[in-house]
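These notes concern the structure reproduced below.
The values are calculated or read from the model by the stated rules, or taken from the named source; none is laboratory data. Only a predicted model underlies this, so the values are computations on that prediction, with no experimental measurement involved. Ideal geometry is used to build each Cβ from the backbone, glycine not excepted, and the neighbour counts take in all protein chains shown.
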Amino acid sequence: MKVTEEVKKMLLTFAKEKKIYLEGNILKVLTAEEKDKEFIEYLETCKVKDTDARKKRLQVTKQVQKQNKELVAKEKQNDTLMEELKVALEEAKRSEEEAQALREEAEQGKEQALEDLELMQKKTQFELVGTIVRIALAVIVGVGIVTSVMYGIAIVSNYDTQIIGSTWSNMFGILLTNAFSIVGTIMGVKYATEKE
């Protein structure tokens, strides 16, 4: 897909003055004529920056996966501890007083282990939710700012803003809907995973 000269100039101006570049799937469909070296270079820069942003998101995902592995290891460790406690209970049935004391100790250990596991799961969950919210809000705010700047430039440049204005208001409606959708999804996951 080729863009008009007007849009091309605007994108190049954003890149030079504001250091704002396109990113996402739009880069896969944008093309430039062979003689337009400056726009070709701009598109290549956008692709590099988009790749870097994707790598950062991948690093966040890997970090969350690593934390999940740690949680699984802790759960296995807790299961091992529970097995050891059961064996200790079976061996300690020699006298009623000793067995009672061991049962109480095992119950306390189980509760402590479950509390620790639940605390670790909640901590990881809140970190993941916080990361998702920060990234989503950054994207939403970024798109809103870019759209507003483009609309502002159109107004200042005395272009026909009828189409841009409706697109701008539609874009903000979509961004607002997406923001509520993200918050609703996160709250739904939070309440769905809570115990009554």
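The set of residues in the range 89-146 being under 22 Å from LYS76 (Cα atoms), out of contact with any Leu (no Cβ under 8 Å at 6 or more places or on another chain) and either among the polar types (S, T, N, Q) or not in a helix (DSSP H, G or I) (or both) consists of GLN108, GLN112, GLN125. Filtering LEU71, LEU43 for residues that are among the hydrophobic types (A, V, I, L, M, F, W, C) and more than 30 Å from ILE145 (Cβ to Cβ) leaves a single hit, LEU71.
Scan the range 39-56 and give yes if some residue there is on the phi < 0 side of the Ramachandran plot and part of a loop (DSSP other than H, G, I, E, B), otherwise no. Taking every residue of the range 39-56 in turn, none turns out to be on the phi < 0 side of the Ramachandran plot and part of a loop (DSSP other than H, G, I, E, B). Applying the condition of being among the hydrophobic types (A, V, I, L, M, F, W, C) and surrounded by fewer than 16 Cβ atoms within 10 Å (Cβ to Cβ) to the range 4-19 and asking which residue is farthest from SER148 (Cα to Cα) yields LEU12. For the range 1-33, a tally of residues being under 15 Å from THR45 (Cβ atoms) and in contact (Cβ under 8 Å) with a residue 60 or more places away in the chain returns 3. Restricting the range 4-31 to residues that are polar (S, T, N, Q) and more than 19 Å from ALA53 (Cα to Cα), the residue that is farthest from the chain's Cα centre (by Cα) is THR4. Does ASP36 meet the test of being over 24 Å from THR131 (Cα atoms), surrounded by 12 or more Cβ atoms within 10 Å (Cβ to Cβ) and either free of Cβ contacts under 8 Å to residues at least 60 places away in the same chain or touching a Phe, Trp or Tyr at 6+ places or on another chain (Cβ under 6 Å) (or both)? So ASP36 passes the test.
Quick check: anything in the range 50-60 farther than 21 Å from VAL143 by Cβ, modelled with pLDDT of 90 or more and in contact with a helix residue (DSSP H, G or I) (Cβ under 8 Å, 6 or more places away or on another chain)? No, there is no match, as no residue in the range 50-60 is farther than 21 Å from VAL143 by Cβ, modelled with pLDDT of 90 or more and in contact with a helix residue (DSSP H, G or I) (Cβ under 8 Å, 6 or more places away or on another chain).
In the range 7-31, of all residues being out of contact with any Asp or Glu (no Cβ under 9 Å at 6 or more places or on another chain) and in a loop (DSSP other than H, G, I, E, B), the one that is farthest from VAL139 (Cα to Cα) corresponds to THR31.
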